[in-house]
Amino acid sequence: MQLKPLSKYALKCPRCGYEVEPSPYIMRCPRCGELLDALLIAEKIKIRWGELRGRGVWRYRDLLPEFKNVVTMGEGSTPLIRLRAYPNAYVKFEGANPTGSFKDRGMTVGVSLASSLRVRGVIVASTGNTAASAAAYSARAGIDCMVVLPKGGVAKGKLGQAILHGARIVEVPGTFDNALEYVLSTVLESGSAGNASYYPLNSINQWRLEGQKTIAYEIVEEGGVPDYVFVPVGNGGNIYAIWKGFRELMELNIIDKMPKMIGVQASGAAPLVKYWRGLGEAKVDKPSTVASAIRIGKPVNWFRAYRAVKYSGGTFIDVSDDEILAAQRILGKEGIGVEPASAASLAGYLKALNSGLINVKDKVVLIATGHALKDPDTLLLSSDNNAISISSINELKALIINGNVKIKY
Ligand code: F0G
């Protein structure tokens, strides 16, 4: 049975070309096991790019699965902010989404799909943001949510959100890679989630990624096609989704060039950089970085991310934790608060500028994937934390008069 919301898609294996009937439950190729591409069928698409209506993700409903009941909280339509320090660089601030990360774009589609099926709820493994978003959207939809987290590996803000929205929280030993293995081996045996009462919404789920591709659509509508897009890479789903968004607009003759996709990983968790350089499989054993959101050693979407970068003519680069934290502070000084993983895109941009890979005149978009408040602990440890304690009004007066406090009129 073909589900109506998916009827404008073909489901095709990017490795062996095998095609399957679009289904919410089939994510891997039954023949070779690769993750399937959800491809829009051009003849079934009627879109007038200049006449789009509404805002956010569902402004692009003609290019998305369509549901009778959409679970939405106005996600998308995030600001594109020009940097003062680098006027050709624009930050796409995904922290402005309802739960503070780009995951909401995926969850509005994923949870709408899940709630159109007869499942009890959704399940995700997560470094935190996916959990927060799945929890909130499931709460909105009135279905259960189970989140499987690496014990001790999730930033406080995200864990707090999952608790707030009433998710069932399951902590497992090890890293995110272990958590994902728990989930996939439980609900996605042989690539199909057919019998599961909990619908898996990790980024292996091609329908969830459809929501995330709208980042590309918004960039095009607001500023045209940039030369480069820098994306922090963990599991690799988002960079693929954004690239797919641009590619669809090419195929629909809405744009006439592609941006180069630059995948940025933290040096201690950089399996795709390793693979890109020909140094073995896209796997590292003990991923380690301050950027807990992208502390991932076995990116399940590695082939998707690799294709996005390769076909766009981009590259993968890695940045150290110090570079990430320095970039987070630079953005902070511009008034833009991002979590460490999100600062990886600016860190990557600065590295690419310094190494001559790109020119300061190139137009770039830096995807700032999550809000600073997600990870308060890292903010408080910052070397810029200059908090002092006083206990009298006179001490505050002295501080102001001594000029230690900048007051602008
Ligand atoms: N930035 C942030 C803030 C993230 O939370 C993630 C992924 C990424 C970047 C990387 O995106 O995995 O599509 O390459 N977070 C997932 C989670 C793993 O569970 O929240 P990706």
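Would you mind checking the pairs 158/244; 92/333; 103/260; 12/151; 103/374 and listing those with alpha carbons more than 24 angstrom apart? Distance filter (> 24 Å) returns 158/244; 12/151. Taking every full run of DSSP H in the chain, the ones that stretch at least 20 Å from end to end by Cα along their long axis and average -0.5 or higher on the Kyte-Doolittle scale are 237-251, 340-354. Between residue 42 and residue 186, residue separation times 0.36 nm minus the direct Cα-Cα distance comes to 48.3 nm. Between region 183-254 and region 340-359, the C-alpha centres lie 23 angstrom from each other. Over all distinct Cα-Cα pairs of region 90-161, the Kirkwood formula returns a hydrodynamic radius of 12.4 Å.
Working from the Cα coordinates of region 204-289, the gyration tensor eigenvalues give, after taking √(5λ), semi-axes of 27, 14, 11 Å in decreasing order.
The portion of the accessible surface of region 93-165 made up by carbon and sulfur, rounded to a whole percent, is 50 (1.4 Å probe; DNA, RNA and ligands excluded). A straight Cα-to-Cα reach below 12 Å connects residue 351 with the aspartates and glutamates 318, 323, residues fewer than 8 places away in its own chain not being considered. On a per residue basis, the chain carries 44 Å² of accessible surface, using protein heavy atoms and a 1.4 Å probe. Think of region 205-258 as a dipole: +1 on every Lys or Arg Cβ, -1 on every Asp or Glu Cβ, centred on the Cα centre; then among 224, 254, 234, 234 lies furthest on the positive end.
Size descriptors for region 36-91 (Cα atoms only): Rg and Dmax, in that order, 15.5, 45 Å.
Judged by the mean number of other Cβ atoms found within 10 Å, the most tightly packed of the peptides 198-209, 303-314 leads the ranking 198-209, 303-314. Distance distribution P(r), region 51-145, all Cα-Cα pairs, bin width 5 angstrom from 0: 3, 14, 21, 21, 18, 11, 7, 4, 2, 1, 0 percent.
Can you tell me what percent of all Cα-Cα pairs in the chain are more than 30 Å apart? Counting pairs separated by more than 30 Å, the tail of P(r) holds 38 percent. With Cα atoms defining each centre, region 96-138 and region 47-82 are spaced 17 Å apart in the structure.
Counting 0.36 nm for each residue step from residue 171 to residue 391 and taking away their Cα separation leaves a gain of 75.0 nm. Here's the picture: charge each Lys and Arg Cβ at +1 and each Asp and Glu Cβ at -1 in the chain, and of 125, 114, 279 the one pushed furthest to the positive end of that dipole is 114. Only helical runs count toward this figure. For the chain, summing -39,500 (n - 2.57) over DSSP H runs of n ≥ 4 and dividing by all residues gives -10000 deg cm²/dmol at 222 nm.
Size descriptors for region 264-409, from the alpha-carbon set: Rg then Dmax equal 19.3, 63 Å. Shape verdict for region 108-242, please, from the Cα gyration tensor: rounded (a/c under 1.5), prolate (a/b greater than b/c) or oblate. The shape class here is prolate.
The values are calculated or read from the model by the stated rules, or taken from the named source; none is laboratory data. The shown structure was predicted, so the numbers you read here are calculated from the model rather than taken from an experiment. Every residue, glycine among them, receives a Cβ derived from its backbone with ideal geometry; neighbour counts consider all protein chains shown. The protein model used for the area step is the full one, side chains on, heavy atoms only, and it has no ligands, DNA or RNA in it. Shrake-Rupley method; radii C 1.70, N 1.55, O 1.52, S 1.80 Å.
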